[in-house]
Amino acid sequence: MTSDETTQIPPTMQAAVLRDHKTGLQIETLRTPRPKSGEVLIKVAACGLCHSDLHVIGGAIAFPLPAVLGHEVSGTIVELGPGNEHSGLEVGQSVAGGFLMPCGQCDACAAGRDELCGPFFELNRLKGLLYDGTTRLATTEGEPVAMYSMGGLAQYAVVPSTSVTPVPESIDMVPAAILGCAAMTAYGAVRRGADLRYGETVAVVATGGVGTNIVQVARAFGARQVIAIDVDDDKLAPMFDYGATAVVNSSTHDAREEVFRLTGGKGVDVSFEALGIPATWTTALDVLADGGRMVPIGLGAGVQTAGVEINRTVRRSQSILGSYGARTRQDLPAVVDLAAQGVINYRDVVSRRFPLQEARLGYEALHNREVQGRAVVDMSL
Ligand SMILES: NC(=O)c1ccc[n+]([C@@H]2O[C@H](COP(=O)([O-])OP(=O)(O)OC[C@H]3O[C@@H](n4cnc5c(N)ncnc54)[C@H](O)[C@@H]3O)[C@@H](O)[C@H]2O)c1
Ligand SMILES: [Zn+2]
Ligand SMILES: [Zn+2]
């Protein structure tokens, strides 16, 4: 890092701050964060708007306030903290940032199970902090501001270097924001949760930002059939372009009947649930074949339960395999590569772009189910 580059980092920045659930996101000036040991500072190019944020904005999932949300980012490294000598990261590199930020030191991380990292849950998800137990964000008066993952809805974000992956020049930086959550979560669900095998049959229940990516990753991993299920025909129509072999509107059709008809009376080997409500759990379990695996990735709005038919699950040897994010250090580079190779179509998934000042409008659109695929905040707008 040369002094020239350091001086290019302004002392303050704009960020979308959540102070209370009624008011929602408001643009504020914060101190530009600076990286500590094992962290990098990125100038954010874009940040995806994920349904998980809606739970936090609305207060259904508890999180300390004030906070900066935004956990799906792309950008350029502008500063390296100490302790990055062996990270291979450099100032000026374009990167994608994964929402699941492994500490790299706990037992789960040592076993390669980044998605189970203890400090990630205890410090970041519960307290909005990084792994030294402090936040990098503060107002100009010095009031601490919590970080949901890296706090990507801001012009700059500090990210642990475990959670950034360089992207090649061919990658389109604005839509690349979705790689770190929507695409990585889909990869984790297919590769880790389901451990999908070539020739298996698949259903994806709820084809929003994450579900769309599950459709394409499942097909890329050799699913023979991919049946997309949603309640909105507009969300279903483009699914054929992502590799779906059939679509079912579960509000106008009986999903179980349709899926059994499409699979020769068997049901699917793997069903993915990507919304997190009891109704989608029911659908995902109803379409399963004997011996099938149901992989839920949807997060409920707080503590929720779903009905599981006991005897069918037992007698038909069906499994429920929850899947959260992915193993960031191994899987985010694979996701970036799949995007660079054209296997994951990340560009078309991004259907709407908002300036940072209009982030709240983006979440309103998401809440009102008006977003096809993913919306992103584009920092250049
Ligand atoms: N496990 C993880 O690591 C992880 C990561 C990211 C997001 N999530 C969760 O995944 C879920 C999906 O996130 P997203 O950003 O893709 O959401 P989204 O808002 O983009 O998509 C939701 C989709 O659900 C559809 N839908 C609504 N009601 C339905 C119903 N009854 N049956 C079928 N489909 C229905 C909508 O039409 C829409 O297409 C959320 O719960 C989010 O919190 C989990
Ligand atoms: Zn997300
Ligand atoms: Zn860890």
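Rule-based calculations on the coordinates, nothing more; no lab input. Predicted, not measured: the structure shown is a model, and the values here were computed from it.
Starting from one equal scatterer on each C-alpha and no solvent at all, send me the Debye-based log10 I(q)/I(0) for the chain at q = 0.07, 0.09 Å⁻¹, two decimals. Debye intensities relative to I(0), on a log10 scale: -0.29, -0.48.
Take every pair of alpha-carbon atoms less than 8 Å apart whose residues are at least six positions apart; their mean separation over the length of the stretch 184-320 yields a relative contact order of 22 percent.
Of all lysines in the structure, those lying under 22 Å Cα to Cα from K127, and not within fewer than 8 positions of it along the same chain, are K22, K36. Here the relative contact order of the chain, from alpha carbon pairs under 8 Å that lie six or more residues apart, stands at 19 percent. Panel note: the C-alpha atoms of the stretch 184-320, placed on their principal axes, show extents of 37, 33, 31 Å (largest first). Defining a contact as two alpha carbons under 8 Å apart and six or more residues distant in sequence, what relative contact order in percent does the stretch 117-189 show? About 17 percent, as a whole number. Here the sum of -39500 (n - 2.57) over DSSP H runs of 4 or more residues, divided by the residues of the chain, equals -6000 deg cm²/dmol at 222 nm, to the nearest 500.
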